[in-house]
Structures are given as structure tokens and as C-alpha cells.
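To keep things clear, I will list the structure first and then write my remarks on it.
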Amino acid sequence: MDPLSDLLRVVRLDGAYFYAVEATEPWRVEATAARELSPRIMPSAEHLISYHVVTTGRCYGGVIGEQPVELVAGDVILFPQGDAHAMSGGRVTPKHHTVSVSTPRRYRETVHLGGSGAPSASFVCGFLGCDRRPFNPLLAALPRRLHMRGMSNIVGGFAGQLTEESRLARAGSDSILTRLAEVMFIEVLRRYVDELPPGQTGWFAGLRDEVVGRVLTLIHGRPGHPWTLPELAREASSSRTNLAQRFASFVGEPPMQYLARWRMQVAATLLSESGAKVAAVGAEVGYDSEAAFSRAFKKAVGFAPGAWRQARRQSNAGAGSQDD
């Protein structure tokens, strides 16, 4: 499995919350910070990434307090850090036309904004949930606002399917739309990687580097292997010094530290989603001793593995009861 696919799997990406919007001039809507929304709409998610997919017309979007960008049909805008943000019909919209959203409605209802008449813009709003702890390099690697133009091939399919499933309410529609939202997000990330300028650093830029990308693939492919810096360097056809310098330059930390932190994220996911014993989870991520694994996990997360598992299961149970 490639590193990006592995990362999205292990941090438990979930695109299960979205709704359609039709807006007529004049209009402006402000969304509160995702950390305030999470307990109400996706309680089991530690972090929410907000996104908007423009299907018809044009509008503006951006982090509150910053200059907005113009959006046209086929554009996607994401707020990976969960910042409070605004969408509007114009670059400047009078305050009395502003609506604040704290608990958005979930499809199958369509939210109507602004005045009467034909909509000047239609878009899909949604949230992608994921883990933040113990270690999610995705969040540190993405900007506060990510705007991608010309995604019509993905946007059209997602929006069309949302309309169709909302109208027919067929069995399995939630699962289909959730997967489509996740596919849309992955396509945006792939475009983001492809369009990174030369000289860019960060986790995504590291994927394109011959040495760093190879080491990321090795670590994500076999997190439980007893990797050493010499072995990683040898597998990447690099010297240890070159590997250490390049990896730190792109990813922001030495490869062995990255490995240790990624092992804790893998372990946290296994503890949350499987019934494996703590010792077995530790062995899966490279620890021969349950005691050594427990110490490392508690140091990274603040909880012993058993306590982490119990807290996560209680959180997931509470989220399930809210959906009922």
C-alpha cells in the first residue's frame, strides 16, 4: 500500500457528513470552527476537515479574517485545519445578510440561503472526520485553506449522485455517498501533490523525492519491522547522512523519530478497531515487550493502551447512540 493510502486508512478518514446548499443573492454564511462542530455532528472524530464543492454558479470562500477567493463551478475549497470560515455571494457582503451555522443539517434536506429567485450558486458542504492523535502528518502538511480549480470530473459525479440518492433514498445511499466524498478528497490531495512547486518541502513533497518517498513507503509498508537508519539508507540507495538530512528537510523530523510516532498511530488504530491483546498490538508495531510498548504508548498519548481502548470505545458507542 502506498504511504498516502496507508495514512488515510490509519487515521480513520470518514466522509459521512454532507449537505446541499442553494444560495440566492445577497447571501453570506459563516461556519464556526470545526472543533466546536465535531461533538454535534461527528462525535467520534477527533478532527474535522470542512469542504465545499461548487456545482453551479460562482461565489467566494475563505478563512474568516482573510481575503476570500473566487470559486466557480467545478472548484473545491477545503479548510484542513478546521478554521472558522465564510462562504458568500460577493467578495464583500453586508453584515445583515450573514447567517451563522453552528449545527448544519445533513442531507437529504437542501439548505436555502439568501433572498428569493433563482440561485446564484449551488454547492455541497461536507466534513471529513479523522484522528488527530497520536500522530497525523496529514494535518501538519496541509495549509489552512486549500483551493483546487477544475475538478469538474469529480465534482459532477459527487454532486449528481448526491442529488439522485437524496431524491430516491435507496438502500445503501449513505455508504455510497460517504465513499464518494472520500474519493473526492483523495483526488484533491493527488492534484495538490502534482501541483506542488519545485523546492517545496513537507510530507507531500517528500512523497515525490526519490529517497524520502522510498523511505516513507518502507515505513508505512512495514511499521513493525525492526528498521535501523543504516538499513533504511541501504534500501533507499542513499548514505545515512544524506537520508537523515533529506528526510528532516522534507518531513520535519528524523526518520527514526517519524517511525516511532507512526507506530503509535498504527497501534492506536489497532487498539480502537480490534480486540487484539495489548501485547499483540505491541508486537504488530515492533515491540517485543508489552511493558516497553505500554510505556512508549503512554508517553506518546498520555494514556495506557488499555485506557485508550476503553475511552475510544466509549466515544464510538456515544456517537452511535446519537445517530439512532
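The values are calculated or read from the model by the stated rules, or taken from the named source; none is laboratory data. Predicted model, so just to flag it, every value in this text is computed and none were measured. Please note: Cβ atoms are built from the backbone with ideal geometry, for glycine as well, and neighbour counts cover all protein chains shown. These area figures cover heavy atoms from the full protein model, side chains too; ligands, DNA and RNA do not enter into them. Shrake-Rupley method; radii C 1.70, N 1.55, O 1.52, S 1.80 Å.
Please indicate, with yes or no, whether at least one residue in the range 32-49 is touching a Pro at 6+ places or on another chain (Cβ under 9 Å) and over 28 Å from Glu273 (Cα atoms). No, that holds for no residue.
Arg222 passes every criterion in (1) surrounded by 14 or more Cβ atoms within 10 Å (Cβ to Cβ); (2) closer than 19 Å to Pro137 by Cβ apart from (1).
In the range 283-303 there is no residue that is at pLDDT 95 or above and under 17 Å from Gly206 (Cα atoms).
Might you check whether a residue that is closer than 24 Å to Val183 by Cβ and polar (S, T, N, Q) occurs anywhere in the range 22-32? Looking for residues that are closer than 24 Å to Val183 by Cβ and polar (S, T, N, Q), one finds none in the range 22-32, hence no. A Cβ distance below 9 Å, combined with a sequence gap of six or more or placement on separate chains, defines the contacts here; from the range 60-73, residues that are under 13 Å from Ser88 (Cβ atoms) and without any contact (Cβ under 8 Å) to a residue 40 or more places away in the chain reach residues that are part of a loop (DSSP other than H, G, I, E, B) and small (Gly, Ala, Ser) in the pairs Tyr60/Gly89; Tyr60/Gly90; Ile64/Ala84.
Tell me which helices (runs of 4 or more DSSP H) are completely within the range 112-211 and hold 3 or more residues being open to solvent by less than 40 Å² (accessible area, probe 1.4 Å) and either in contact with a Leu (Cβ under 7 Å, 6 or more places away or on another chain) or over 30 Å from Ser315 (Cβ atoms) (or both), or say none if there are none. Here the list reads 152-168, 173-194, 203-208. For the structure I just gave you, tell me whether Leu218 is part of a helix (DSSP H, G or I), out of contact with any strand residue (DSSP E or B) (no Cβ under 6 Å at 6 or more places or on another chain) and at pLDDT below 95. Judged against the criteria, Leu218 is not a match.
Leu37 meets the conditions (1) open to solvent by less than 10 Å² (accessible area, probe 1.4 Å); (2) modelled with pLDDT under 95; (3) more than 30 Å from Gln314 (Cα to Cα); (4) not small (Gly, Ala, Ser) in every case but one. The failed one is (3). Of Ala260, Ala236, all but one fail to be among the aliphatic types (A, V, I, L, M) and open to solvent by less than 30 Å² (accessible area, probe 1.4 Å); the exception is Ala236.
Of all residues in the range 35-49, those satisfying the criterion of being of a type outside the set (S, T, N, Q) and in contact (Cβ under 8 Å) with a residue 40 or more places away in the chain are Arg35, Glu36, Leu37, Arg40, Ile41, Met42, Pro43, Ala45, Glu46, His47, Leu48, Ile49.
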